[in-house]
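So that we are looking at the same thing, I have put the structure below in structure tokens.
The values are calculated or read from the model by the stated rules, or taken from the named source; none is laboratory data. These figures come from a predicted structure and were not determined experimentally. Glycine gets a Cβ as well: all are built from the backbone with ideal geometry, and neighbour counts include every protein chain shown. Surface accessibility is based on the protein's heavy atoms, side chains included, excluding ligands, DNA and RNA. Shrake-Rupley method; radii C 1.70, N 1.55, O 1.52, S 1.80 Å.
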Amino acid sequence: MTSSATPPGDVITLDGTFPGTRDELGGKAYSVNKMRAMGLPVPPAFALPTHVCSIYHDNGRSLPDEIWQDVLTHLRKLESETGRRFGAGPSPLLVSVRSGAAQSMPGMMDTVLNLGLNPELCTVLAEETGDPQWANDTWERFCHSYAAIVVGTPGAQPPTDPVEQLRAAIGAVFDSWTNERVKAYRARHNLGTGAGTAVTVQAMVFGNRDERSGTGVMFSRNPATGDNVLYGEWLAKAQGEDVVSGEKTPASLETVGDILPTTYPELERIADTLEREHRDLVDIEFTVESGRLYILQCRAGKRSPRAAVRVAVDLVREGVISPAEALTRVSAEQAASLANTSGVRAGHTVLATGTAAGPGVAVGLAVSDLDQALDLAAAGTPVVLVRPSTAPDDVPAMFESVAVVTELGGSTSHAALVCREIGLPCVVGAGAGTVATLTGLTVTVDGATGSVYEGDALHSDDEADTDEHLSELLSYLPDPVPVDHPLAPLRAERLERA
């Protein structure tokens, strides 16, 4: 699925038969379409491609009626495939409404889960399943999500008509393309304005269903170190937003096997299959509903600069990619980060410890207020952003900080994903009270060990010179090295030291 024979329509069934590109379908829908073509257990879905985002904005932030009618036609197809009915009993169909631009931007745009409920249908769902507690939990999650993302007002109630809910949620996802955090992310990563986001509407599966349910994120290799081991986190009886939001601290992926012994080997098999398909480290979102595994998303995994080098070299050694291709897997920013490594002097007081989630070490003033962090950073003060957890709205302040520390969350939380990609030192899950303890102090954050130290504990380090994978990667460079190559400055610096 690398090219389209014909331009995509305004609404596309994601059943693996449409040869859409990532630029046309957006990353999320492209992934769903590709995985369904591979026969993986992916819930059925349809998408409004990226070009519809421009149509929506040009039409006064509204879907034209003819596109909306096409959405409703595809919704009927979802009903047929799932055996459930949207907005009606006795088996209500609930859907997720997800963003997905051509370039991966984890945690930047908006998603609405459990859409299609109202108080009456919540009662119907409880009667169908015999589990009113689960039905109420799902309803409350939807209300919270809808109020925060679609209405923008905490506590606001969704409309009782599920069709009206769907149209508004699709609009909210298209609106998220122009919000400040997306603009900051795209500017930070030199992504330009882009064509827009696609919207994926997918049948819900429920990780919060019962004790044999849960949700998680896994990487085919360790995204912090590059080690070739399955890596990830999982929360039992939870939904995806619980993991990536960082508002809860999940368990390690291996604990899936304690509850569902046959599921963990299946996760290993699927991770290997998708890594071979992508020829790269992959990031996979999954949900288990009552013991049944579903794969929701797969994309190239965000990784630390050190992991980027390790993975690129290991894939060459494994015969998966060529040395020339390996050189394209490390960005200029990652190379610059590797050229400026540092460590921590012994004997400094440890103020907090958590999960090491972003590379490197940095010193700054611990600040919890987003506006204050931006103001201080603009004035030239190195800032360590300390928060209970981070959310997409925190991204502009994160980009201006030298490090991030959170009280909650794990290594696949929002804070970890964002920081790991841009090479920002990060410690997550440092525990309740960390914000109060650190705010106002100068601290040193060690993203490699998960420790936060009192004061300036920094000293220089020559780790970059001793890394065997970096040495091998640099040996792949042509001679002479083009001056505009991302690795040229690092190669030159190492030659100077030698």
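When the label point is put 7 Å from the Cα of residue 127 along its Cα-to-beta-carbon vector, which residues of segment 60-93 have a backbone N closer than 19 Å?
What the label zone holds, given the 19 Å backbone N cut-off, is 84-93.
Over the chain, with the other protein chains present, what is the accessible area per residue in square angstrom, probe 1.4 angstrom?
40 Å²
What does the chain give for Rg and for Dmax, in Å, if only its C-alpha atoms count?
Rg then Dmax for the chain, in Å: 22.9, 73.
OK, next. Could you work out how far apart the two model spin labels at residue 349 and residue 300 are, taking each label as a point 7 Å from the Cα in the direction of the beta carbon, and quote it in nm?
Rounded to a tenth, the inter-label distance reads 4.5 nm.
Still on this structure, I have one more. What order, most packed first, do the peptides 37-46, 259-268 have when packing is the mean number of other Cβ atoms within 10 Å of each residue?
Per-residue mean Cβ counts within 10 Å order the peptides as 37-46, 259-268.
Suppose only helical runs count, i.e. DSSP H with n ≥ 4. What mean residue ellipticity at 222 nm does that imply for the chain under -39500 (n - 2.57) per run, divided by all residues and rounded to the nearest 500 deg cm²/dmol?
Roughly -11000 deg cm²/dmol at 222 nm, from the helical runs in the chain.
Sorting check: for 147-155, 221-229, 382-390, which peptide has the highest mean count of neighbouring beta carbons within 10 Å, and how do the rest follow?
Numbers: 147-155: 14.1, 221-229: 19.3, 382-390: 24.0.
Descending mean neighbour count gives 382-390, 221-229, 147-155.
Note down the relative contact order for the chain as a percent, whole number, built from C-alpha pairs under 8 angstrom at least six residues apart. Mind dumping the intermediate values first?
Details: 1122 pairs, mean separation 64.1, N = 498.
Relative contact order of the chain: 13 percent.
Summarise the accessible area of segment 244-362 (1.4 Å probe, protein heavy atoms) by the percent that is carbon and sulfur.
It is 49 percent, rounded to a whole number.
Determine, from the Cβ-Cβ distance of residue 91 and residue 69 and an R0 of 22 Å, the FRET efficiency 1/(1 + (r/R0)^6), rounded to the nearest 0.05.
Efficiency for this residue pair is about 0.35.
Could I ask something else about it? Please list, in chain and number order, the residues 5+ apart from residue 329 or on another chain whose amide H is under 5 Å from its amide H, with Hs placed from the backbone.
none
Taking θ = phi - 60°, what integer Hz values does the Karplus form 6.51 cos²θ - 1.76 cosθ + 1.60 yield along segment 228-244, in sequence order, with x for Gly and Pro?
Values per residue, Gly and Pro as x: 7, 9, 5, 9, x, 9, 8, 10, 6, 6, 8, 10, x, 5, 5, 7, 6 Hz.
If I measure Cβ to Cβ between cysteines in the chain, which ones have no partner under 4.7 Å?
53, 122, 143, 298
Suppose we keep just the DSSP beta bridges with both residues in the chain; what percent of those would be antiparallel, to 5?
85 percent
Ranked highest first by average number of other Cβ atoms within 10 Å, how do 416-427, 113-124 line up?
In decreasing order of mean packing, 416-427, 113-124 become 416-427, 113-124.
Moving on. First measure r as the distance between the Cβ atoms of residue 290 and residue 336, then evaluate 1/(1 + (r/R0)^6) with R0 = 45 Å and state the FRET efficiency to the nearest 0.05.
Calculated transfer efficiency: 0.40.
Pairs of alpha-carbon atoms within less than 8 angstrom and 6+ residues apart define the contacts here; what relative contact order does segment 255-341 have, in percent?
The normalised contact order for segment 255-341 reaches 20 percent.
Can you list residues whose amide H is under 5 Å from residue 448's amide H, if they're 5+ apart or on another chain and H is modeled 1.01 Å from N?
360
Under Stokes-Einstein, with the Kirkwood radius over Cα pairs standing in for Rh, what whole-number D in µm²/s applies to segment 263-318 at 10 °C and 1.306 mPa s?
128 µm²/s
Shifting gears a bit: Could you check how much of the accessible area of segment 100-225 is carbon and sulfur, as a whole percent, using a 1.4 Å probe?
Taking all protein chains in place, segment 100-225 shows 51 percent carbon and sulfur surface.
Could you give the semi-axes, largest first, of the ellipsoid that matches segment 323-465, computed as the square roots of 5 times the alpha carbon gyration tensor eigenvalues and rounded to whole Å? Don't jump to the answer; show the numbers that get you there.
On the way: eigenvalues 106, 62, 43 Å².
The answer is 23, 18, 15 Å, longest axis first.
Sticking with this one: Can you give the convex hull volume per residue for the Cα atoms of segment 196-355, as a whole number of Å³?
Cα-based convex hull of segment 196-355, divided per residue, equals 170 Å³.
Run the numbers on segment 359-498 and let me know its relative contact order in percent, using alpha-carbon pairs under 8 Å that are six or more apart.
Relative contact order here is 23 percent.
How many angstrom lie between the Cα centre of segment 410-487 and the Cα centre of segment 300-365?
So the two Cα centres are separated by 7 Å.
Taking 0.36 nm per intervening residue step and subtracting the Cα-Cα distance, what contour gain separates residue 375 from residue 17 on full extension? The partial results should precede the final answer.
Numbers: separation 358, 0.36 × 358 = 128.88 nm, distance 5.05 nm.
Separation in residues times 0.36 nm, less the Cα-Cα distance, equals 123.8 nm.
For a 24 Å ceiling on Cα separation, which of these pairs sit above it: 28/77; 77/248; 34/77; 77/237; 183/248; 34/237? Each step should come with its number before you reach the end.
On the way: 28/77 20 Å; 77/248 35 Å; 34/77 19 Å; 77/237 29 Å; 183/248 27 Å; 34/237 28 Å.
In this structure, 77/248; 77/237; 183/248; 34/237 exceed 24 Å between Cα atoms.
Further question on the same structure: For segment 141-258, just the Cα atoms, rotate onto the principal axes and tell me the three extents in Å, largest first.
42, 41, 24
Measure off, as a whole percent, the carbon and sulfur share of the 1.4 Å-probe accessible area of segment 42-90, all protein chains present.
45 percent
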